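Below you'll find the structure, written out as structure tokens, and then a few comments.
The values are calculated or read from the model by the stated rules, or taken from the named source; none is laboratory data. Computed from a prediction, not measured in an experiment: that's the story for all the values here. Positions of Cβ are generated from backbone atoms using ideal geometry, with glycine treated the same way; all protein chains shown enter the neighbour counts. Heads up: the accessible areas ignore ligands, DNA and RNA and are worked out on the full protein's heavy atoms, side chains in. Shrake-Rupley method; radii C 1.70, N 1.55, O 1.52, S 1.80 Å.
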Amino acid sequence: MTGHTTTPFQQPLKTAALDWRTDDGDIEAPFSTHYDDVYFSRQNGLAETHYVFLEQNDLPRRFADWSDERAFVIGETGFGTGLNMLCAWACFDSHAPSGARLHLVSTEKHPLTRDALARAWRAWPSLAARADALIAQWPEAVAGVHRLTLDHRVTLDLHFGDAADTLSRLDGRVDAWFLDGFAPAKNPDMWQPALFAALAGASRPSATFATFTCAGMVRRGLAAVGFAWRKVPGFGRKREMLRGEWQAGTPADTSGMPPTETPPNPRAATPWFQPPPPRPSERIAVIGAGIAGTSVAEALARRGSAVTLIDRDGIACGASGNPQAALYVKLAVETNLQSRFYLAALLHAHRWLARLDPARRWWADCGLLQLAGSDSDETRQQRFLHHHALPPSVVQACAADAASRAAGIPVSRAALHYPTAGWVDPVALCRHLAATPGIEVVCEELRALRETESGWQLQLGQRSQAFDQVVFATGHASRDWLDGLPLQPIRGQVSTLASDTPLSQVLCGGGYVMPARDGRLVFGATFAPHEATTDMRDADHRTNLDELAALAPSLVPATIDPTQLGGRASVRAASPDKAPYAGPLPNIDAWRQDYAALAKDARTRFTQPGRHYPGLWVSTAHGSRGMVSAPLCAELIASRIHDEPLPLARELVDHLHPGRRVIADLMRGR
Ligand code: SAM
């Protein structure tokens, strides 16, 4: 159902191979030694971008006229230095009305390094402030989608990987295309039928395109998938270029071309994951003010929704109320859907926190050491590195002596070192998010929920309030509202201990311990499935102390009475497959009925899209990894509600779909 595609080896991304040229004056411009071509012309790059991509897509006028609630979406092949995209952002700011939003989607097979990017942008001082926003958030060279929030109304999704491949997995549609990516003669691999098919599949009706090239293979390829094109004068000395629009269902107008086909529905084989149609999103209730709820609330408020954040107990009083939370996930050895999601979520959480709190007042990217617990664990870590092929700036092997130096205290095992992982004060984070303009916090209990003609009527304590849509982010308490979605409570207790240890990294293995804050160490945590209690237990403190001793014996004082320990117990929620639930709430009975034939034959084909409760959403089952998973799930839900491209490849979006268990159970004949 979710297509458990396991890519045994994640291909490492090669960063751009560059030469720096100063052909015209003393300012350098990057030149690709791989493609033997320039990224832009130093003399007239800005004017060329403006003419070729902005004007030929008619963007100044379209931006000025943009009155849709959703963001205007630009797609691009070949991000390079980002000159086109940042020019589009500047053009948007000059022309679009104040409430409009812009969403940029660009692909890049060979990303520049951050240093190279900064060096390239010295050529364009007029765009320096925008370039700074880009450079500050520039992702590591890791395949997948990286979401950058350039400002309060402009989002950039960088899809690192091949353009045809990433665009065919894009969950979202584009209004205007910039077809860049070096000339077909220099880069024939990119301008292939698979790319044109992906462009058509990701186009809104009447999407436009512009490209500097007039090559026959491009004209034919575009026409074959339904783009009407015409030649117009090129920029400067270039005689001509192409512009046009996608015309679904019309026959191609170029002689000898096959008739146009409507792009196949990418979810034809999994229609249950077809997203529900967009609905009004002005007033949204978010139930639950932990990390899942506050991050969704912030993501929605940033997009202009009026959000009511509802929690009976106030902000961060459940599983998100611990004094420190590790910014960490233990990734599977293989690259599978689960490890791909958690890796994307980890990278996203870091970028997101750095934007929310650049001064690191309530979080730290101090680094984290995942200690191998045994020789076989060490072998497992080696296999992990081999399979994932990640840059050392994300994760690297570390021998015990190097790990001890990094940690500031002796550790006896080799480790995986995540240099930018760390810890977060989740209460401070949730409070910060809840204070976002556009969010009203209401400390009431949700008593009842009733569907109305236009949305949902919520009974909150003694009062009743109407909303367009509702997001449930109530951890394991979500069970009351989620139509029988399988959720398991897991009790966890953390312990705290006065300490003056010089520990400077988060350590984890069986348990975890954070660098001391205000003279106290936080360590833990116990893991008791099916228990929903929050009393503090000495036995749990003892378990935590044993785990702490296993991580680093020097952290445990010679004599200690467990009753002197502080701590906190809370209940997390987990799904049976340990992935979060993030997406629309399925009508489970309807799914069981509609797809009952799967129980007899798992290959049965259906056309009925999944039936959902209109306007109900869920972000839960984050287990003990919510600090990492919740922020990206929040972006996913907010993007879907606001009808914009999603921040994950389609198969990962489906991997998180709250209905996936229903289908898996049916297929297993349950
Ligand atoms: N649009 C860029 C700008 O504004 O700076 C310039 C693009 S540069 C001329 C072409 C870019 O396309 C390079 O960064 C190159 O790595 C990228 N590229 C080439 N083949 C690609 C492919 N198959 N998929 C994605 N990107 C590709």
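Packing order of peptides 41-51, 576-586, 493-503, highest average first: 576-586, 493-503, 41-51 (average count of other Cβ atoms within 10 Å over each peptide's residues).
Distant-in-sequence amide contacts of residue 585, defined by a placed amide H-H separation under 5 Å and a gap of 5 or more residues or a different chain, comprise 613, 616, 617, 618. P(r) tail for the chain: Cα pairs beyond 45 Å make up 22% of the total. Taking amide H as placed 1.01 Å from N in the peptide plane, residue 363 has its amide H under 5 Å from the amide H of 425, each at least 5 places away in sequence or on another chain. Dipole of the chain computed with +1 at Lys/Arg Cβ and -1 at Asp/Glu Cβ about the Cα centre; of 514, 46, 602, farthest Cα towards the positive end is 602.
Rolling a 1.4 Å probe over the protein heavy atoms leaves residue 95 with an accessible area of roughly 80 Å². The residues of the chain present an accessible area of 39 Å² per residue when probed at 1.4 Å with all protein chains retained. Here each label is just a point 7 Å from Cα along the line to Cβ, and for residue 597 and residue 67 those points are 4.6 nm apart. Think of each Lys and Arg Cβ as +1 and each Asp and Glu Cβ as -1; about the Cα centre, that makes the dipole of the chain roughly 740 debye.
Share of carbon and sulfur in the accessible area of segment 18-246 stands at 48%, probe radius 1.4 Å.
Residue pairs exceeding 19 angstrom between C-alpha atoms, taken from 109/238; 186/238; 330/578; 109/330: 109/238; 109/330.
Which order do the peptides 432-440, 646-654 come out in when sorted by mean C-beta neighbours inside 10 angstrom, highest first?
Descending packing order for the listed peptides: 646-654, 432-440.
Computed from the Cα positions only, the extents of segment 18-246 along the three principal axes stand at 44, 41, 35 Å, in decreasing order. Distance between the pseudo-spin-label points of residue 128 and residue 44 (7 Å out from Cα toward the beta carbon): 2.7 nm. How large is log10 I(q)/I(0) at q = 0.14 Å⁻¹ when the Debye formula is applied to the Cα atoms of segment 61-144, each weighted equally and without solvent? Rounded to two decimals, the profile gives -0.52. Each residue, residue 451 and residue 386, gets one label point 7 Å from its Cα in the Cβ direction; the gap between the two is 5.2 nm.
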